[in-house]
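The values are calculated or read from the model by the stated rules, or taken from the named source; none is laboratory data. Not measured: the values here are computed from a predicted model. Here the Cβ positions follow ideal geometry from the backbone for every residue, glycine too, while neighbour counts run over all protein chains shown. Side chains are part of the model used for accessible areas, which takes the heavy atoms of the whole protein and leaves out ligands, DNA and RNA. Shrake-Rupley method; radii C 1.70, N 1.55, O 1.52, S 1.80 Å.
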Amino acid sequence: MSASRVTIFAGHYGSGKTNVAVNYALWLRFSHPKVMIADLDIVNPYFRTKDSAEKLQAAGIKLISSDTANSNVDAPSVPGEINSIFDNTEWYSVIDVGGDDRGAYALGRYHEKFLQDSVSSFLVVNMYRPLSRDVEATLEIMREIETAARLKFTGMINNSNLGPDTTPADIINSIPYAEEISRETKLPVVMTSVIRSLAAELEASIPNLFPIDVEEYVWQKSQK
Amino acid sequence: MAEKVLMKGNEAVAEAAIMAGCRHFFGYPITPQTELAAYMAKRMPKLGGTYLQAESEIAAINMVYGASAAGVRAMTSSSSPGLSLKSEGLSYLAGSDLPAVVVNIQRGGPGLGGIRPSQADYFHATRSTGHGDFHLIVLAPNTVQEMFDLTIEAFELADKYRVTAMVLGDGMLGQVMEPVDISRAGNITTFAKDWALTGTQGKRSKNIVNSLYLEAEELEMLNLKRYEKYAEVGKYARTDSYLTEDAEVIVVAYGICARIAKNAVNGARKKGVKAGLIRPITLWPFPKKQMKAAAATAKAFVVVEMSMGQMVEDVELSIRCSRPVILCSRTGGMVPTDEAVISAIMEADRTERS
C-alpha cells in the first residue's frame, strides 16, 4: 500500500471512518516523519478523532481538531488550521470526514485544492450498519457523498464489523458485499480493516488486511 | 442480510418503533438525539409512513396527541430541553388516556445546559412530567439492544394501559454503537382500540377524546379510576440483579451508570467487599419491593447516577431510610468513573450494621 500525500476517509454515518483514519495515520507514521490528521466532522458531537488525542500525540502525529469537539458546544465548525494541509506539502495528511452527504459537504470547499494535489479518497463501508446493509443502499450513499463533497472516490475500505461481537465469520461473510461494490464502482478494495485480535486468524484468507485498534470507554469495559 | 446489525442507540429506538408498527413520527431535532429523527426521515417515506419535522417540540407532541386519538401508534423523541417543552402535551395525553411513546435522550441541564450525557431528568420523568395527577411508564435501557427491545415494549405497554411510555436514555446510550439482534422483534402485540376516533360509519355512538371536565366530581372520579390503573401498572416494576444474594453493599444504578457500577461491583469484590448491583429497568413504577427485600440483608446502599441525586430519594423512600444510602454522582455531562464508585462502595462497607 503506497500512500498519497492526502488521504480522505468518508462514508456512511457510523461506518467506522474515525477508527480507520486514526489507525491509518498511525500506520503512515511508521514510514513518514511528518503526519497530521484533521477532524473535518461537522455532524457528530460524540466519538471524535480527539478521543485518540493521547495516542496520536504519543506517536508524534499532529491533530487538527475543532476547539469545540467533545465539548458542550454543538457548533458544526471547521478549524481554519485545516488549510495547513495544503500549505505544508512536505506533510502527509489524513482527513476524517463526517458521516453521509451532510458530513461530506465540508469537503466541497477544498475542491480546487484537491485538484492540484496527490489525493486518495476512500469510501469506508460496513455492511452491518442498518442503512447500508445491501449493495444498492451503499451505492446510493456513495453517490450522495460524492455529489456533496465534489470529489470522486479512488478506493474503498471494507470495515464491516459488529463491534465487540465481531467474529472472523462476520468478516468473511462481508467479502462478497465488498467485492460487489468494487465491481459496480470499479473502485479497488484497498483494505479490509479488522480489530487486531482477529487479524491473525484472517490473514491467510483476506488480502490487504489492515489490523486496527479502537478506543475503549469506561462504561464499555468488560461488559461482554 | 445479517440478523445482527451495528446500531447507534438512537437508530435502534427508531428501527424498533418501525418494527412495532409505528408509522407516525413527529419530532424536532436536538443533540444528542438527532440521529433518531434522521433515521425516521430516511425510513418512513419508504414505508408509506409519516415523518414530520414539526415547527417546534410543542407542535410535535400535540401532533402525537392527534395521531394517537385516531388510533395509530405514534411517537416523538427529544432531549432534555425539548422534553420541558413537551410537558404540557404529555399532561393532555394523560388527561385524555391516550397511548403514546416518547423518548428522552438526556443531556446536561438545567436550561440549555450542554450536549454531554446526563440523567438529571429523572424527577421530570418520574415526578413532574407535566401538571396534574398522572404518571408515565418510564423504561431505562442500559445497552443498545435494550434501547431496541424496550422501545417495542413501550409501544405495547402504552396501548395496553392507554398511557404514555417513556424510553429514558442518555447521550452516551443514544450515540454509542453496539450490535443489535433485530430478529427479536418477531412477535409484536397489538391491542384493539374501540375508543379511537376512527369514524362511526353510522354504526356506533361517537367516541370522544378530551381532557376538560366541567364537574369537579366527574374529574375526581376519573382521576381515582386512572390511579387504579396505575396501581395495576405498579406490578410491572422490574429490575436486573447482579451478585445480590450475599451482598452487604447494594449498588443501585440505571442506564449507562449501571454498566460502570457493574464493573465497580467486580472491583469491590476483588477487594473483599460483598457488593451487588440492582439495576431498575422501570423507573416508574419504581421497584420498591426489590429495594425493600435487599435492605433485609444489606447494611448499606450506594446510588450511582448522573445528576445531583434524584433516584437516590426513591431508594431512601423504598427502604424507609432504614439503611445508610450513599450518593456517588457526577453532573453537567460528566460520567462517573468505576474508581469513584468503588470508593463509595468501600465507604458504605465501613458503616456499622444497624
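Can you put A:102, A:5 in order of accessible area, largest first, using a 1.4 Å probe? Can you show the working numbers first?
On the way: A:102 160, A:5 25 Å².
Largest accessible area first, the list is A:102, A:5.
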query = In chain A, which longest range has no GluC sites (Glu not before Pro) that are both DSSP loop (not H, G, I, E or B) and surrounded by at most 15 other Cβ atoms within 10 Å?
reply = A:91-202
ask   = What number, rounded to the nearest 500 deg cm²/dmol, is the helix-based mean residue ellipticity at 222 nm of the protein assembly as shown, given -39500 (n - 2.57) per DSSP H run of at least four residues and division by all its residues?
value = -11500 deg cm²/dmol
task = Give the accessible surface of segment B:4-234 per residue, rounded to a whole number of Å², with probe radius 1.4 Å and ligands, DNA and RNA excluded.
result = 38 Å²
request  = Would you kindly give the portion of the calculated P(r) for the protein assembly as shown that falls above 31 Å, as a percent of all Cα pairs?
outcome  = 52 percent
task = Would you mind finding the longest exposed-site-free stretch of chain B, with exposed GluC sites (Glu not before Pro) meaning DSSP loop and at most 14 other Cβ atoms within 10 Å?
result = B:56-214
note = Sorted by accessible surface (1.4 Å probe, heavy atoms of the protein chains only), largest first, B:342, A:82 come out as B:342, A:82
request  = Would you please give the residues with an amide H less than 5 Å from that of residue B:164, counting only those at least 5 places away or on a separate chain, with H modeled from the backbone geometry?
outcome  = B:100, B:137
ask   = Which of the lysines could be linked to residue B:288 by a straight reach, that is with a Cα gap under 26 Å, when you skip same-chain ones fewer than 8 residues away?
value = B:160, B:225, B:229, B:235, B:262, B:274, B:299
ask   = If you find the alpha carbon centre of segment B:322-336 and of segment A:142-173, how far apart are they in angstrom?
value = 41 Å
query = Ranked from the most accessible area to the least, with a 1.4 Å probe and all protein chains present, what is the order of B:160, B:262, B:299?
reply = B:160, B:262, B:299
note = Rounded to a whole %, the carbon-and-sulfur portion of the accessible area of the protein assembly as shown at a 1.4 Å probe is 52 percent
remark   = Note on chain B: contact order normalised by length, alpha-carbon pairs under 8 Å, 6 or more apart, percent, works out to 17 percent
remark   = Probe 1.4 Å, all chains present, heavy atoms only: residue B:162 accessible area in Å², nearest 10, is 70 Å²
note = To the nearest Å², the heavy-atom accessible area per residue of segment A:73-224 with 1.4 Å probe amounts to 47 Å²
